[in-house]
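For reference, the structure discussed in these notes is given below.
The values are calculated or read from the model by the stated rules, or taken from the named source; none is laboratory data. Since the model is a prediction, treat every value here as computed from it, not as a measurement. Cβ atoms come from the backbone with ideal geometry, glycine included; neighbour counts cover every protein chain shown.
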Amino acid sequence: MTANLRSRTATALGNPGLRKAIRDATDRFTTHREEGLDLANFEELRRAARATRAAIIADLPRILGTFADAAEGVGAEVHWAGDAAEARAIVTGIATAHGVELAVKAKSMLTEEIELNEALETAGIEVVETDLGEWIIQLAGQKPSHIIGPSLHLSKEDVAEIFNRRSDRPLPADPEALCAFARASLREKFLAADIGITGCNFAVAETGTVILVTNEGNGRMVTSLPPVHVVVMGMERIVETWDQLDLMMNLLPRSATGQKLSVYTTQVTGPRRSGETDGPEELHIVIVDNGRSNLLGTEFQEMLNCIRCGACLNVCPVYRQIGGHAYESVYSGPMGAVLTPLLAATGTSLDLAGASTLCGACYDACPVQIPLQDLLLSLRRINADTGGPAWSERAGWKNWARAWSRPGMYRKTVTAARRGSGALPAGLVPKGWRSGRTVPEARGTYDLRKALRDGKI
Amino acid sequence: MIETLAPNVGASVVRVLRNAGYDVHIPDDVTCCGQPAWNAGFATEAAKVARTSMEALAADDAETIVVPAGSCAAMIRVYWPELFRVTGDEDASLTATSVGEKVMELTEFLAEHSGAGPAESPDDAEVAYHHSCHMLRELHIESAPEAVISEAGYALSDWPMGRQCCGFGGTFSLKLPEVSVAMADEKIDAIPESATCLAGSDLSCLIHLEARLAHRGIDLPVVHTAELLDQ
């Protein structure tokens, strides 16, 4: 970690261009989501989705087994990775075994989480992201700032500058021209790639199918043009039946971008069969745990219900001010503040749970009703119990509890705080609170209870 | 908070409830609901303080416990049972549930039990109402505050940002003060010019917003809903 959370947020706040880009993008997502949620029975669907996800996660080992059997039955090869290092080794192993020189990727937050690109590059393989947003940040050498819009922190002027570093002719800050440049550049890569790597939005256990939800068509190219397709799948990214998928697909695109359906919903059931003219010759599915199974049976199990729509980021008033990079995690916003410390090594990143006012907007937007603010509170308790807060804060709460659990002491401190001054005693107002705020005059300096008792009110 | 920083707001609450036809008293031994520590992750300390207030409220024979602060009302009604559960006291958790059933936030109570006619208010008064998060999203009190304010004769500003968090968030406002202030600014900047005051039903949000307005030199009175109804 390069700096503490407060200074990271301050850096973000000091960048007006960044703040405008984030505000505009999240507003757009939220407006579209509100328009897209034209379902009369949205609340009913949320409840059903929560129950469905909970039932799946509660039975995860069996359903994953069903999926693996079905996927192998249609010719896929299934791999199990306990952690990020294993996952990287498996994918790199598949690539080197095929003598891969160029890998194309569709957008996948899990591959960001396990830092797959770096591993492939170390093995001498060129990796090209083909989702426009991912490609932009890959060229810029940045990390995603949003799970749905990885480059939403950048303006079109920023993108033009990034593209102009490799374009032969100067490109204007015009979305159409920039997209045309990306399309032409990426097309060559699709045709030349030896391997395609994707994530997985949902796996359907009963048929061994992998579902990809995309908007740009790059997912189709990555899954069908190269001779080898590797799916990197989080172990919780699964439903048992197509009926369950139907429910999730009613909620995912609507909650993410406000679309009733994304432009492409790709279903991959096994590699190319004999007689088929396209599709990969080999399909590998790498099922990744990387800390997820630790959540099973804990108060945090519900976090595994998350379908990665990003709605909680878009409505979060804190994310709105600081964007994703201040979280220093692949996952940002409310879901990231919960998931990051849970997946990380014990005791790290717990400070992220403080990046919330617990306003509850995230829960209201969550299509599977994850009580994110309650999980953030639980993480704050773990942080307090494991010595996260400074000694002075811990001592402060102890003294506070000792005083305010006794009515006599409580009244004394209230009187002391009030006495002798029309303004709030500066000593009572910590310095952090006074920065940027001018503490107002108290509204009355008398003893309310006494006044009421004495009939003066 | 009202006792320490704003006894005038407490006096307004008392008068408004009396005008509506109710007897009001403050139980001697009630202190704080424990929310500041609970939200900071210090459950044991929160429970220690909350227990004192809970026992005082449980022993009181009032019909209804009216809480003139949305987040304290939410703490009691929504979080006390959980607070005592996570600190290992199931009996207290049950008591907390029954105390919580008697708790109503001020405007929620007035919207249901308002008896007294509206006071006369200045013709040009327009209120920008700040919905506090715990009231809106934990207690689901959406229309009561604006209903009682408009019944009292005030016009209400069209201020969609009124439903977004003000950035106070308890210790959040101390730990990430720059973000906290930026959140306040976004709300403040969206207040319509026609508004003559900013009102809310949570003193903590109001003091944060008032402190930011003052820092920026913006002259807009900030009032608790009880003060509006007490004019």
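Computed quantities for the displayed model
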{"item": "Enumerated helices (runs of 4 or more DSSP H) restricted to the stretch B:1-107, each holding at least 1 residues that are among the polar types (S, T, N, Q) and in contact with a helix residue (DSSP H, G or I) (Cβ under 8 Å, 6 or more places away or on another chain)", "result": "B:2-5, B:7-19, B:35-40, B:43-59, B:70-74, B:90-101"}
{"item": "Count of residues meeting criterion [surrounded by 14 or more Cβ atoms within 10 Å (Cβ to Cβ) and under 30 Å from A:Gly279 (Cβ atoms)] in the stretch A:152-193", "result": "8"}
{"item": "Matching residues, the stretch B:185-210, being under 23 Å from A:Thr31 (Cβ atoms) and aliphatic (A, V, I, L, M)", "result": "B:Ile188, B:Ala190, B:Ile191"}
{"item": "Candidates B:Ala128, B:Ala144, B:Ala199, B:Ala155, filtered to the one that is away from chain A (no Cβ under 14 Å) and touching a Phe, Trp or Tyr at 6+ places or on another chain (Cβ under 7 Å)", "result": "B:Ala128"}
{"item": "Residue among B:Leu174, B:Leu206, B:Leu213 that alone is at the interface with another protein chain (Cβ under 10 Å from one of its Cβ atoms), under 29 Å from B:Trp38 (Cβ atoms) and out of contact with any helix residue (DSSP H, G or I) (no Cβ under 8 Å at 6 or more places or on another chain)", "result": "B:Leu206"}
{"item": "Residues located in the stretch A:110-126, provided they are surrounded by 20 or more Cβ atoms within 10 Å (Cβ to Cβ) and in a helix (DSSP H, G or I)", "result": "A:Leu110, A:Thr111, A:Glu112, A:Glu113, A:Leu116, A:Asn117, A:Ala119, A:Leu120"}
{"item": "B:Gly41 vs. criteria on the phi > 0 side of the Ramachandran plot, within 14 Å of chain A (Cβ to nearest Cβ), crowded, with 22+ Cβ neighbours inside 10 Å and free of Cβ contacts under 8 Å to residues at least 40 places away in the same chain", "result": "yes"}
{"item": "Test: residue in the stretch B:180-187 that is part of a helix (DSSP H, G or I), assigned by TED's automatic domain parsing to the domain that holds B:Gly217 and in contact (Cβ under 8 Å) with a residue 60 or more places away in the chain", "result": "no"}
{"item": "Matching residues, the stretch A:30-44, being in contact with a Lys or Arg (Cβ under 9 Å, 6 or more places away or on another chain), assigned to a helix (DSSP H, G or I) and either free of Cβ contacts under 8 Å to residues at least 60 places away in the same chain or loosely packed, with under 13 Cβ neighbours inside 10 Å (or both)", "result": "A:Phe42"}
{"item": "Test for A:Val230: is it in contact with a His (Cβ under 6 Å, 6 or more places away or on another chain), within 22 Å of A:Ile90 (Cα to Cα), assigned by TED's automatic domain parsing to the domain that holds A:Ala55 and touching a residue at least 24 places away in the same chain (Cβ under 8 Å)", "result": "yes"}
{"item": "Positions within the stretch A:292-316 being of a type outside the set (Ser, Thr, Tyr) and surrounded by fewer than 18 Cβ atoms within 10 Å (Cβ to Cβ), in sequence order", "result": "A:Asn294, A:Leu296, A:Gly297, A:Glu299, A:Gln301"}
